[in-house]
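Here's the structure we're looking at; comments come further down.
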Amino acid sequence: MSLQKCDVVIVGAGFAGLYLLHRLRGLGYSIRMFEAGDDVGGTWYWNRYPGARCDVESMQYSYSFSEELQQEWDWSERFSAQPEILEYAGHVADRFDLRRSIEFETTVTAAHFDEGARRWNIETDKGARISAQYCVMATGCISSTQIPDFPGLSDYQGKTYHTGNWPHAGVDFTGKRIAVIGTGSSGIQAIPVMAEQAAHMTVFQRTPNYSLPARNGPMTPEYARSWKDNYAALREEQRHTPKGAIREFNDVSGLTASEDERRAAYEKGWARGGASLLGSYRDMLLDGSVNETAAEFVRDKIRVIVHDGAVAERLAAKGYPIGTKRICIDSGYFETFNRDNVELVDINETPIERITEQGLRTSDNAFEFDAIVFATGFDAMTGTLFKIDIQGRAGATLRGKWDAGPRTYLGLMTAAFPNLFMITGPGSPSVLTNMMVSIEQHVDWITESLLHMRAQGLETMEPTLEAEDEWVEHVNVVAHRTLFPLAASWYMGANIPGKPRIFMPYVGDAGTYRKICDEVVADGYKGFSFQPNAARVAAAE
Ligand code: NAP
């Protein structure tokens, strides 16, 4: 296929790609946009497992860029379920006529920077070859599913599923014996719903997780109105919060609180639902002793909810601070283990030895299943980028450059890969925040950068190595001031064998990060270097 030209290639039609397309198309940039799925929605397109829902309130987990959009859309629940969020993504695509610019069922396989032409050569699995001035990875942080390499995996004769790649037609588990491996956010959401259908469910747990009740419920007209009437101010407030979400946050130390005060604070958070319990004290994720009081509070709740004391103890997370693995938000998860048809297997006590033709074998038992559900997570933050053969200056690969961990400036760009942008890339707050707010911030920042270059006749932009090194160091230092590195989490790359153990997102608060990004621009794009447009330079000479 011949080489086609455009200004910008956007990879991915999730919420990041959709908003970027909307902004750039309106500014007259020519765009090619590719999406592996057959429709928009990104993470909400793929993660269709039963019980999938957002754990950020819908009034906040939605776009703020269009007043009409935020006024006209009605959410039916406090925390929306996946089908409704997907419907919202579809509505946005229709409302802003975005689909016509998206090439679906097309995977970008390679992106090579041509130093002579100062452009990106991009290839897809459909054989398209495109030359673009800019390439933007809107590929999501949690989009490459991982199924552990269990011995015997290919021997299994039953059905297998991964929560992150769920069949679009749904799955009927009625009368089936099923296994669920994995108890992260996805497993914890799916298990209660699947348990209601299955004849029998065996949950294989490696690390018990802290989970808080969502207290989901129907959206009341009054609550929706309280947001819609004040959206302008509330969205602005949201942008400057540590997590990109307005929630109760007690800006006092838990160290000085009495035991009774702490219990009252945690009870309040537990009753309110969602992640609010973690906002009880400002040092919750900084001070181990404060954290332990909240962790023990949650363990005590599990001991009350789960009738079988031994099962409750297995479900109660220990050995790492609460909140340092992504906090799970559930609807009836612990209660599910009181059902007669649900069994918990702790694979630390009795490891999975192999998958068999009929099921799996642990060190002390053989199990037979009609289906195995892998809720085993993702190669987060870098996995999807590494699937694309990305080469920057002098043919250096991104994978090679990031061999010891991702290196970016602000999570937006990486040195020696000019005009390659990442939306919510490693080194930005991303997954630690309300993604909608972080996505909008990055899209706006990238859009303003492109406009700056257009206005100034600049052709390429990239971070200096010095700025990048300083940022990577800063991200690392800030992470190590917190309790986060104490957990073997996917934030640390710990769920993927052989992946470098680096805390990948920027923990230094989304509001502060936004300020830093704005200051970089105000300071003449401090830490970035630009190359002028070659034609302009020639004309000037
Ligand atoms: P995850 O948090 O990485 O959980 C994966 C689970 O599989 C963990 O329990 C893990 O155990 C287990 N596992 C992995 N490899 C294993 C192995 N070899 N043997 C046995 N068990 C293994 O993945 P996830 O639940 O899909 O969630 C990923 C992220 O997506 C979340 O943290 C969240 O950010 C996002 N998410 C959000 C929502 C929401 O908004 N409500 C819902 C779902 C997901 P270990 O803990 O021991 O590694």
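Once you have the Cα-Cα distance between Lys268 and Ala233, take 0.36 nm times their residue separation minus that, and quote the gain in nm to one decimal.
In short, 10.0 nm is gained.
Taking a 1.4 Å probe, which of Ser2, Ser430 shows the most accessible area, and what order do the others take after it?
Ser2, Ser430
Where does the longest stretch of the chain lie that holds no trypsin sites (Lys or Arg not before Pro) found in a DSSP loop with 15 or fewer other Cβ atoms within 10 Å?
Between exposed loop sites, the widest span is 340-480.
Given a Förster distance of 45 Å, report the FRET efficiency between His91 and Glu353 from their Cβ-Cβ distance, rounded to the nearest 0.05.
Approximately 0.40, to the nearest 0.05.
Quick check: pseudo-label points 7 Å beyond the Cα along Cα→Cβ at Glu248 and Gln157, how many nm apart are they?
Computed distance between label sites Glu248 and Gln157 equals 5.5 nm.
Using a/c under 1.5 as the rounded threshold, could you call region 467-541 rounded, prolate or oblate? The axes a ≥ b ≥ c are square roots of the C-alpha gyration tensor eigenvalues, and prolate needs a/b larger than b/c, oblate otherwise.
Judged from the Cα gyration tensor, region 467-541 comes out prolate (a/c at least 1.5, a/b above b/c).
What spacing in nm lies between the two simple spin-label points modelled at His452 and Ser226, each 7 Å away from Cα in the Cβ direction?
Roughly 3.9 nm, to one decimal.
Once label points are set 7 Å from the Cα along Cα→Cβ at both Ser363 and Asp38, what is their separation, rounded to one decimal in nm?
4.6
Considering only protein heavy atoms and a 1.4 Å probe, what is the carbon-and-sulfur percentage of the accessible area of the chain?
Ligands and nucleic acids excluded, carbon and sulfur give 49 percent.
In whole Å, what is the distance between the alpha-carbon centres of region 202-218 and region 54-92?
Cα centres, region 202-218 to region 54-92: 23 Å.
Determine the relative contact order of region 402-541: mean sequence separation of Cα pairs under 8 Å and six or more apart, normalised by residue count, in whole percent.
Relative contact order, region 402-541: 31 percent.
If you find the alpha carbon centre of region 230-264 and of region 484-535, how far apart are they in angstrom?
First find each Cα centre; the distance between them is then 24 Å.
In debye, nearest 20: dipole of the chain around its Cα centre with unit charges on the Cβ of K, R (+) and D, E (-)?
540
Mean 1/r over all different Cα pairs, inverted: what Kirkwood radius does region 345-406 give, in Å?
For region 345-406, inverting the mean 1/r across all distinct Cα pairs yields 15.1 Å.
Sum -39500 (n - 2.57) across every DSSP H segment of at least 4 residues in the chain, then divide by the residue count to get the 222 nm mean residue ellipticity, nearest 500.
Dividing the helical sum by the residues of the chain leaves -9500 deg cm²/dmol.
How much solvent-accessible surface does Thr220 expose, in Å² to the nearest 10, with a 1.4 Å probe and all protein chains in place?
60
Heavy-atom accessible area per residue, region 331-391, 1.4 Å probe: how many Å²?
Result: 41 Å² of accessible area for each residue.
Quick one: net charge around Arg247, please, counting Lys, Arg +1 and Asp, Glu -1 for every other residue with C-beta under 15 Å from its C-beta.
+2
May I ask you to derive the relative contact order of region 310-464, considering only C-alpha pairs under 8 Å and at least 6 residues apart, and to give it as an integer percent?
About 12 percent, as a whole number.
Report the FRET efficiency, 1/(1 + (r/R0)^6), for Arg100 and Ala539, where r is their Cβ-Cβ distance and R0 is 51 Å, rounded to 0.05.
Calculated value: 0.90.
Which one of Leu483, Leu255, Ile322 is farthest out on the positive end of the charge dipole of the chain, using unit charges on Cβ (Lys, Arg +1; Asp, Glu -1) and the Cα centre as origin?
Going by the charge dipole, the pick is Leu483.
Quote the accessible area belonging to Leu18 in square angstrom, nearest 10, computed with a 1.4 Å probe and with ligands, DNA and RNA left uncounted.
Here the accessible area works out near 0 Å².
Given a cut-off of under 8 Å on Cα pairs at least six residues apart, what relative contact order in percent is computed for the chain?
Across the chain, relative contact order equals 19 percent.
Let me check I've understood the local charge: for Gln205, count other residues with C-beta under 9 angstrom from its C-beta, Lys and Arg +1, Asp and Glu -1. What total comes out?
So the environment of Gln205 carries a net charge of +1.
The values are calculated or read from the model by the stated rules, or taken from the named source; none is laboratory data. Note that the structure is predicted; figures quoted are calculated from it, not measured. As a convention, Cβ positions derive from the backbone with ideal geometry for all residues, glycine included, and neighbour counts pool all protein chains shown. Surface accessibility is based on the protein's heavy atoms, side chains included, excluding ligands, DNA and RNA. Shrake-Rupley method; radii C 1.70, N 1.55, O 1.52, S 1.80 Å.
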